[in-house]
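These notes concern the structure reproduced below.
Values in this text are rule-based calculations from the coordinates and carry no lab data. Treat the numbers as computed from the prediction; the structure is a model and nothing was measured. Neighbour counts are summed over all protein chains in view; Cβ atoms, including those assigned to glycine, are modelled from backbone coordinates with ideal geometry.
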Amino acid sequence: MLESVLRVTGTKESDWKIEHEAHEARYAAGVAQMKGGDRHGFIKQLYSRVFYPDGCGDYEVRHGLHNEILGLPKEDLDEFTKIAVDRAGVKH
């Protein structure tokens, strides 16, 4: 995803302040938010699971996709990254 952002914005990693957070810590923070009534914590929980070493949050790797059978088009990550960047008002 970061590589897509860099392509879409025409920037380099050095142009950004990138912070790293362990997936376990991010998941725990999400749990704490949910316990405190902040439902945004669920988003942290959901997306942090993709980075667990057992792959439990990565459905595609574990089970594959059936997009072709369903007649779904192949998506272009950069196309949708550009939409997200534009909606966020990021200058590029």
Placing one equal point scatterer on each C-alpha of the chain and summing with Debye, one gets log10 I(q)/I(0) at q = 0.19, 0.22 Å⁻¹ equal to -1.15, -1.16
Return the aspartates and glutamates within reach of Lys91: Cα separation strictly under 19 angstrom, same-chain partners fewer than 8 residues apart disregarded; answer none if there are no such residues. Glu3, Glu13, Asp15, Asp78, Glu79
Just subtract the alpha-carbon distance of Asp78 and Glu13 from 0.36 nm times their residue separation and send over the number in nm, one decimal. 21.7 nm
Helical mean residue ellipticity (222 nm; -39500 (n - 2.57) per DSSP H run of 4+; nearest 500) of the chain: -14000 deg cm²/dmol
So, R0 is 35 Å and r is the distance between the beta-carbons of Glu24 and Asn67; what FRET efficiency does that work out to, to 0.05? 0.65
Report the charge-dipole magnitude of the chain in Debye, nearest 20, computed about the Cα centre from +1 at each Lys and Arg Cβ and -1 at each Asp and Glu Cβ. 360
